[in-house]
Structures are given as C-alpha cells and as structure tokens.
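Asks: The structure that follows is given in the form of structure tokens.
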Amino acid sequence: MTQMMECDERLNAIQDKIVKAAKLAQREAEDVRLMAISKTRSADEIRPLLDTGHRLYGENRVQEAATKWPALREEFSDVAVHLVGQLQSNKAEEAVQLFDAIHSLDRPSLVKALAKAMDKLNRRIPCFVQVNIGEESQKGGCAIDDVSGLLESARSAGIEVVGLMCVPPTGIHPAPYFALLAKLAKDNGLPELSMGMSGDFESAIKLGATYVRVGTALFGPRA
Ligand SMILES: *Cc1c(COP(=O)(O)O)cnc(C)c1O
C-alpha cells in the first residue's frame, strides 16, 4: 500500500510538471504523453503504476520486455508498450510481436527487417526514426543528413513513420538538440516528437515533445 501511494505521488508530481510546462509553452497538456520507462524494473515494481491506471510504457530491450509484458498484458489488456532502445535486425520479428510502436528505427537494414516482419505477421505498428542528434559516434540513431532518405525508404517499404526520436548528449544543455529535432520533424511533415527524459522533460515539452520518456523520476534510481 505504501509503495502504491509513493508511486501515485511520483506520478502526480510528474503530471503536474507536464501540465505546467505545457501551459508555459501554450500547448495542450493532452498533447504530451508520458511514457513510463520500465527497463530494469520487475513486473512487481511495474504493477503499482499499472494499478494507478497508467497505461503507456517503454522498454529498451526486446529480451527483457519478452520476460515481463506478455504476462502483464493478460492482467492489463489495454496497456501500450513501446520499444525505445536499439533494435538488432534479427530481433525485428519479435519486436513487432511484442511492441505497439518502435522509437529506434535508424538504418536501412532495419527498415528492411521491420517491413519483412510486419508483412509476415500481418501486423503494422507505427515507428519513429531515431536521430543521432549530437552526432556522437557511440550512439544509435541515423545521421541528421540521412533522415529524409531513411523516411523515404521506410515509406516505400510500407512502414508508417509518425515522428522522430532522440537522446541528446549528456552533460550539456539539451534545448538546442530538442529544437533541432523539432525542426527536422517539421521540415519532414512529422507530427510526433519523442524527446525528454527524467532530467529534461520540461525543456523538451517547451520545444514540442509529444512523448516524454521518464524512468527514474517515476520508479526511483536504477540499480
Ligand atoms: C532509460 C531511458 C529513458 C529514461 O531515462 P530516465 O533518465 O531514467 O528518465 C528514456 N529514453 C531512453 C531511450 C532510455 O534508454
């Protein structure tokens, strides 16, 4: 019970911040969806948040999600789980089966693998193109200059791309990167922006985020 109250309080505090940030930006709070990033959390840690009625979750590993969500979906059939971590082409089919959206489409080989998996399973899920917005060599995401080309090949493969996603470099103020991602989305006619995490979601909302991905601020520090 205590755990449930704490979880409830953290959720309410974040939702208040979302409402305030949206208001400051003269946006509707309903246009900002809170995705609870449940990576590394066990089903028992996630359940209290599910019990509050929260229904949108994000995971970063196919294998880990496969151990938790099929069972949780039996209890909470209206839940939505998105993949926010890098996806290997050989796991594309499993990912299409497990998730309701993929935020990490970042290369032509993955376009091919996902299109093939969607055709085979006859299941279409929306995707976000992940952009390596800080041009960091160690990070996933397609190069800024490759965004339009990747969108084009995704579309011709029959994949619905709804928006862009980024994880800005750590240790510097993220606002310029959020602004750049917003501009890229606008230039390409994409409505959704997946950006902002526990430390910077208010800044992301100010710059147009429609999905904020919050882990630690909801569940506490990861082990
Ligand atoms: C872990 C993770 C998050 C959440 O990070 P927090 O700082 O815990 O809020 C968001 N997006 C991605 C892609 C992640 O891997």
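Asks: What percent do you get for the relative contact order of region 95-169 when only Cα pairs under 8 Å and 6+ apart count?
Replies: Details: 127 pairs, mean separation 27.6, N = 75.
Across region 95-169, relative contact order equals 37 percent.
Asks: Going Cα to Cα from Lys112, which lysines come in below 16 Å? Please leave out same-chain ones fewer than 8 positions away.
Replies: Lys91, Lys120
Asks: Another question, if that's okay. Check which residues have an amide H placed less than 5 Å from Arg33's amide H, if you skip close sequence neighbours.
Replies: Tyr211, Val212
Asks: Quick one: Karplus J couplings for region 180-193, per residue in order, coefficients 6.51, -1.76, 1.60, θ = phi - 60°, nearest Hz, x for Gly and Pro?
Replies: 5, 5, 4, 5, 4, 5, 4, 4, 9, x, 9, x, 9, 10
Asks: Give me the one-decimal Kirkwood hydrodynamic radius in Å for region 103-223, with the sum taken over alpha-carbon pairs. Write down the numbers at each step before the final one.
Replies: Working: mean 1/r = 0.0674 Å⁻¹.
Its Kirkwood hydrodynamic radius stands at 14.8 Å.
Asks: Pop out the ³J(HN,Hα) list for region 76-82 in order, Karplus 6.51 cos²θ - 1.76 cosθ + 1.60 with θ = phi - 60°, rounded to Hz; leave Gly and Pro as x.
Replies: 10, 6, 9, 6, 10, 10, 10
Asks: By per-residue mean of other Cβ atoms within 10 Å, what is the highest-first order of 13-19, 78-84, 194-200, 169-175? Could the numbers behind the result be given before it?
Replies: Values: 13-19: 15.7, 78-84: 19.9, 194-200: 22.3, 169-175: 12.7.
Ranked from most to least packed, the peptides come out as 194-200, 78-84, 13-19, 169-175.
Asks: To the nearest 20 debye, what is the magnitude of the charge dipole of the chain about its Cα centre, counting +1 on the Cβ of each Lys and Arg and -1 on the Cβ of each Asp and Glu? Please list the in-between numbers first.
Replies: Numbers: 27 positive and 30 negative charges, 53 e Å.
Result for the chain is approximately 260 debye, rounded to the nearest 20.
Asks: Over all directions, average the projected area of the Cα convex hull of region 3-118 and note it in nm². Write out the running numbers ahead of the final one.
Replies: Numbers: hull surface 32.5 nm².
The directionally averaged projection comes out at 8.1 nm².
Asks: Each label point is 7 Å from the Cα along the Cα-to-Cβ direction; what then is the distance between the points at Glu74 and Asp100, in nm?
Replies: About 2.0 nm, to one decimal.
Asks: Is the shape of the chain rounded, prolate or oblate, going by the alpha carbon gyration tensor and its root eigenvalues a ≥ b ≥ c, with a/c under 1.5 for rounded and a/b larger than b/c for prolate? Present the calculation step by step, with values, prior to reporting the outcome.
Replies: Details: a/c = 1.80, a/b = 1.16, b/c = 1.56.
Oblate is the answer for the chain, as a/c is 1.5 or above yet b/c matches or exceeds a/b.
Asks: Hey, another quick one. Can you run phi through the Karplus equation (6.51, -1.76, 1.60; θ = phi - 60°) for region 86-99 and list ³J(HN,Hα) in whole Hz, with x for Gly and Pro?
Replies: Once θ is set to phi - 60°, the couplings for region 86-99 become 4, 10, 7, 4, 6, 10, 4, 5, 4, 5, 5, 6, 7, 10 Hz.
Asks: Going by amide H atoms built from the backbone, whose H comes under 5 Å of the H on Leu105, apart from near neighbours?
Replies: The answer is Phe128, Gln130.
Asks: Rg/Rh for region 61-159: what does it come to with C-alpha atoms and Rh from Kirkwood?
Replies: On the way: Rg = 13.8 Å, Rh = 14.0 Å.
Rounded to two decimals, Rg over Rh is 0.99.
Asks: Listed highest first by mean packing, meaning other Cβ atoms within 10 Å per residue, what order do 95-104, 141-150 come in?
Replies: Numbers: 95-104: 21.6, 141-150: 16.5.
Highest mean packing first, the order is 95-104, 141-150.
Asks: In addition: Using a cut-off of 18 Å between alpha-carbon atoms, which aspartates and glutamates can reach Lys23, once sequence neighbours fewer than 8 places away in the same chain are excluded?
Replies: Straight-line reach from Lys23, under 18 Å: Asp31, Asp200, Glu202.
FYI, it's all coordinate maths here, none of it is from the lab. Since this is a predicted model, take the numbers as computed values, not measurements. For neighbour counting, all protein chains shown are included, and Cβ atoms are generated from backbone atoms with ideal geometry for every residue, glycine included.
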